[in-house]
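Data first, discussion second: the structure below is written as structure tokens.
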Amino acid sequence: MSTVSKTLYKPLSLVTSILGGVVAGAVFGQIWKRIADEPTAPDPKDLRRSNTEVLAGAAVQGLIFGLVRAAIDRAGARGYKAVTHEDPA
């Protein structure tokens, strides 16, 4: 990738990463409400909650964030390549 291409891709990458985080948070919130009948995942510092509950919440959150952000970042890279005909990697 050329220097100009890298310079152009950085803002797009930043925007898609932020968008990915926002979308992932929304997706996780909806899934967690259905799984646990609660609006948010358990706080790891809340000692009234079981270890299983806290760790399961963290695992689901990490899985969803990773999948959604990777999908959005990949879509952004494909869109960039479609416009510029250069691979952003």
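For segment 15-48, what are the residues that are over 14 Å from L63 (Cα atoms) and small (G, A, S)?
S17, A36
Quick one: what pairs do we get from segment 25-49, first residue under 16 Å from G66 (Cα atoms), second among the small types (G, A, S) and in a loop (DSSP other than H, G, I, E, B), C-beta under 6 Å, 6+ apart or different chains?
Correct list of pairs: W32/A41.
Only one of A41, A77 is in a loop (DSSP other than H, G, I, E, B), surrounded by 12 or more Cβ atoms within 10 Å (Cβ to Cβ) and modelled with pLDDT under 90; which?
Answer to the selection: A41.
Within segment 2-36, can you find the residues that are surrounded by 14 or more Cβ atoms within 10 Å (Cβ to Cβ), of a type in the set (A, V, I, L, M, F, W, C) and under 30 Å from H85 (Cα atoms)?
L8, L12, L19, V23, A24
Given the criteria among the hydrophobic types (A, V, I, L, M, F, W, C) and either part of a loop (DSSP other than H, G, I, E, B) or modelled with pLDDT under 90 (or both), does V68 qualify?
no
Taking D46 as the residue in question, decide whether it is more than 28 Å from A89 (Cα to Cα) and acidic (D, E).
It is true that D46 is more than 28 Å from A89 (Cα to Cα) and acidic (D, E).
Would you check which residues across segment 80-89 are assigned to a helix (DSSP H, G or I) and exposed (fewer than 13 other Cβ atoms within 10 Å of the Cβ) and list them?
Correct list: A82, V83.
The values are calculated or read from the model by the stated rules, or taken from the named source; none is laboratory data. Please read all numbers here as calculations on a predicted model, not as lab measurements. Neighbour counts are summed over all protein chains in view; Cβ atoms, including those assigned to glycine, are modelled from backbone coordinates with ideal geometry.
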